[in-house]
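The values are calculated or read from the model by the stated rules, or taken from the named source; none is laboratory data. Just so it is clear, the model here is predicted, and its values are computed rather than measured. Using ideal geometry, Cβ is built from the backbone for each residue, glycine included, and neighbour counts are taken over all protein chains shown. Keep in mind that these areas ignore ligands, DNA and RNA; they rest on the heavy atoms of the full protein, side chains included. Shrake-Rupley method; radii C 1.70, N 1.55, O 1.52, S 1.80 Å.
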Amino acid sequence: MSTLTTPHIDIHRGGDRMKTRVAWLDSKHSFSFGEHYDPDNTHHGLLLVNNEDIVLPGEGFETHPHRDMEIVTWVLSGSLVHQDSLGHSGVIYPGLAQRMSAGTGILHSEKNDSWRISAAPEHQEPVHFVQMWVVPDDSGLTPGYQQLEIDDELAGGGLVTVASGLPRYRDRTAIAIASSHSALHVSRMPGEGAEIRLPEAPYLHVFIARGEVEMEGAGTLYEGDAVRLARSGGQRVTANMPSEILVWEMHARLGGQ
């Protein structure tokens, strides 16, 4: 267990999340987002957004702006087409990590219409993904984009560093983010009894993207649940079935250390 003092564990159930639902979108927000505002639920550590989205085929988010944010997108099923004002265009799918640095300003769209840029036939599968925003070290950075195939590393079932700005993970296969106090880890736990151990950090955000797990100090966690930890870490997480979890490790918080 963690050697850090005064640990705090805060469980947030998936069913309690704020929701945006329109004809083509089912979106669940772990933190205040858009028209959904709760002054007591704006962020954890440096993580401001953890949105779980399901978008119907042929639909999606039309071109819109972002600024001064590190945006990481993780697809759980289906495919998502990214296009931006820097000229990047590509299809994001499970196992492909993607990061967009908004910096001084960028325009982009995200749509479930991969057949429009490929020779593949039109599909009828929704895309299911999690989009996460963390605060960069500095404002006014040059906008950028990176994607990386990381599927092979995930096959082992352990906790894999997917996106990081933390110096300690420089030797890992991961996309880079301009936040030197943050890292995203992902584990695809293959089945019942599979186990990982959480890193130790001043702030952790653990999100159950699919499946069901047991976590020391938190009990049973179901799909859509999240745990926010402060001054903690080292807990074992054990799968009750095939599961996928996303873990943000953060060594600073919004407004300072």
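Taking amide hydrogens as placed 1.01 Å from N in the peptide plane, the amide H of MET189 sits under 5 Å from those of SER243, GLU244, ILE245, each at least 5 positions away in sequence or on another chain. In terms of its C-alpha gyration tensor, the range 62-189 has an oblate overall shape, because the principal axis ratio a/c (a ≥ b ≥ c, square roots of the eigenvalues) is not below 1.5 and a/b does not outweigh b/c. Summed over the residues of the range 45-190 and divided among them, the accessible surface reaches 40 Å² per residue at a probe radius of 1.4 Å. Here the Karplus curve 6.51 cos²θ - 1.76 cosθ + 1.60, taken at θ = phi - 60°, turns the phi angles of the range 150-167 into couplings of 10, 4, 4, 5, 6, 4, x, x, x, 8, 9, 6, 9, 9, 7, x, 6, x Hz, with x standing for Gly and Pro. Split the chain at each of the chymotrypsin sites (Phe, Trp or Tyr not before Pro) in a DSSP loop with at most 16 other beta carbon atoms within 10 Å, and the longest piece is 38-257.
Relative contact order of the chain: 21 percent, from C-alpha pairs under 8 Å at least 6 residues apart in sequence. Taking 0.36 nm per residue of sequence separation and removing the Cα-Cα distance, the ALA119/SER89 pair yields an extension gain of 9.3 nm.
Projecting label points 7 angstrom from Cα along Cα→Cβ for THR104 and THR42 puts them 2.8 nm apart. In this structure, the amide hydrogen of ASP225, modeled 1.01 Å from its nitrogen in the peptide plane, lies closer than 5 angstrom to those of GLY14, ILE208, counting only residues at least 5 positions away or on a different chain. For the chain, carbon and sulfur atoms together expose 50% of the accessible surface, with a 1.4 angstrom probe and every protein chain in place.
When THR104, THR161, THR238 are compared by accessible surface with a 1.4 Å probe, the order from highest to lowest is THR104, THR238, THR161. How much solvent-accessible surface does MET189 expose, in Å² to the nearest 10, with a 1.4 Å probe and all protein chains in place? My reading of the accessible area for MET189 is about 0 Å². Amide H to amide H, with H built 1.01 Å from N, GLY95 comes under 5 Å of VAL75, counting only residues 5 or more places away or on other chains. Residues GLU200, GLU192, ordered by accessible area of protein heavy atoms at a 1.4 angstrom probe radius and largest first, appear as GLU192, GLU200.
Take the chain, connect every pair of alpha-carbon atoms lying under 10 Å apart with a spring to form a Gaussian network, then pick out the residue of GLN124, GLN83, GLN147 with the largest mean-square fluctuation. Looking only at GLN124, GLN83, GLN147, the largest GNM fluctuation is found for GLN124.
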